[in-house]
1. Any idea of residue 73's accessible area? Nearest 10 Å², probe 1.4 Å.
2. When the Karplus curve 6.51 cos²θ - 1.76 cosθ + 1.60 is applied with θ = phi - 60°, which whole-Hz ³J(HN,Hα) does each residue of region 137-147 get, with x for Gly and Pro?
3. As a test, work out the antiparallel percent of DSSP beta bridges whose residues both lie in region 4-254, rounded to the nearest 5.
4. Of all chymotrypsin sites (Phe, Trp or Tyr not before Pro) in region 179-249, which ones are in loop regions per DSSP and have a Cβ with at most 16 other Cβ atoms within 10 Å?
5. Apply the membrane-span-like helix rule to the chain: whole DSSP H runs, Cα extent along the own long axis of at least 24 Å, mean Kyte-Doolittle hydropathy at least -1.0. List the helices found.
6. Estimate the FRET efficiency between residue 115 and residue 16 by the formula 1/(1 + (r/R0)^6), using the beta-carbon distance for r and 35 Å for R0, to the nearest 0.05.
7. How high is the relative contact order of region 257-351, given as a whole-number percent (alpha carbon pairs under 8 Å, six or more residues apart)?
8. How large are Rg and Dmax for region 257-351 when calculated on the C-alpha trace, in angstrom?
Amino acid sequence: MFNLKNILRPNIASLTPYSSAREDFKGEAEIYLDANENSIGSAINTHILNRYPDPLQLKVKKKLGKIKEVASENIFLGNGSDEAIDILIRAFCNPGKDNVVILPPTYGMYEVAAKINDVKVKSVNLNTDLQLDLPALTRAIDSNTKIIFVCSPNNPTGSIINKPYIEKLLNTFNGVVVVDEAYIDFADSQSMLQDISKYPNLVIMQTFSKAWGLAGLRVGMAFASAEIISIMNKIKAPYNVGELAQKLILEALDNKDAVDKMISTLKKERVILIDKLQGFSFVKGVLPSQSNFLLVKTNEPNKLYDFLIANNVVVRNRSTLPLCEGSLRMTIGTPDENKKLLSLLSTFEKTYSK
Ligand SMILES: *Cc1c(COP(=O)(O)O)cnc(C)c1O
C-alpha cells in the first residue's frame, strides 16, 4: 500500500519551512514595513515590482484551477516544471541511498536532477512498442525506489504511454509515479489530471513552455494530492514565481482560444510534415507523434544534422539514445519554416543520398 509517510524523507517530514513576510501576515494593510522592500519604488517605472510576489500564487491557481477543474490545493506552480522535478526528488529521495526509475529514451532532466541530488538512477528502457516494460520494471524496483518518471507524450518519441500500464504502476508501486504531460495539449488522448483524486501516489506535470508558448516565462505546473502539494510548497524557494510571471500567466489564461488555434495549426502541419518526410529516400521512418515534434529515422543522421546546421536550421540529434538509432528530433515549425525545411531536405536528397 502507498503511504506518503513511508516515503517522505525524515528531514523533510520534520522541517519547519521558512516563513516569509508575505506568509506571516496574509491580510491587507495600508503600510507594509515587514519585508525590507524598497518602499519608494523600483529601478524601472514601467512595472511596479518593488513588492514581493504572492508566495503561493493563489490568484493564478484559482483561475488555472477553474480551467483544469482541480482545486488550488492540488496545484503547485514553479520555475518551469524542471523545478517540480527537482523538488519531488528532494522530497522523497535520501541522497546516496534512494533511487528513481526513468524510462529511456526520455527527457534528460529526470536523470540530471537525480544526479545533482546524489540520487541513483535506474534505467528501464521502453519496449519496442514504446510502452512500459512491466516485467523489467518489476525487476528494477526495490525498496529504495521512490519515484518513477513516466513521460507521456514521451520526449523524444512523441508517443503516448497507454493508461492501463500507468494504472498498473499506480496500483502496485509504493512510491510516487510522475506522469510528465508537457505535450498533452498536442495529443488526441486524455490527460490523467482527473486521476489525482483516485491515486494518492500520482503527480501530473504540465507546463506553460510548450502549447501555451511561454517558455521564456518559466512557469510549470504539478498536480497531486493536497498532501504532496503541501510538501512541495514546504521545500520550494519562498518566492519561486515572480510577480511579472504571475501577472502574465493570469493574462494568458484568458487567451485559451488563441492557444487552441496555434495547437490546431501545429497539428495540421504535423500531418503535412509526416507525409512529406516519409517521401524522402533517406528517411527510414517517422514515428507517429502526439506532440509538437517528430522523431525522424534516417540512414545518415550526422550528415543530415550537419547539413541542416550549415543551412541555418537546427534540429536535435537523438541518434545515440536507445531505440532512437539514426534519429533526429524535429520540432514542428511555422508553416513557412516547415516549407523551408522540406525544401532543404530535397536539396539534401539530390546532393547527398546514394
Ligand atoms: C519541455 C519539457 C518540459 C518543460 O520544462 P519547463 O521547465 O516547464 O520548461 C518538461 N518535460 C518535458 C518532457 C519536456 O520536453
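The values are calculated or read from the model by the stated rules, or taken from the named source; none is laboratory data. In this text, all values refer to a predicted model and were calculated from it rather than measured experimentally. Please note: Cβ atoms are built from the backbone with ideal geometry, for glycine as well, and neighbour counts cover all protein chains shown. To get the accessible areas, we keep the full protein, side chains included, count just its heavy atoms, and leave off ligands, DNA and RNA. Shrake-Rupley method; radii C 1.70, N 1.55, O 1.52, S 1.80 Å.
1. Counting only protein heavy atoms, the figure is 120 Å².
2. Each residue's phi maps through the Karplus curve to give 5, 4, 5, 6, 5, 10, 5, 9, 7, 9, 9 Hz.
3. Among the beta bridges of region 4-254, antiparallel pairing accounts for roughly 30 percent.
4. 239
5. Numbers: long enough: 256-278 (33 Å, -0.26); 335-352 (25 Å, -0.76).
The answer, listed by residue number, is 256-278, 335-352.
6. 0.75
7. 27 percent
8. 13.0, 43
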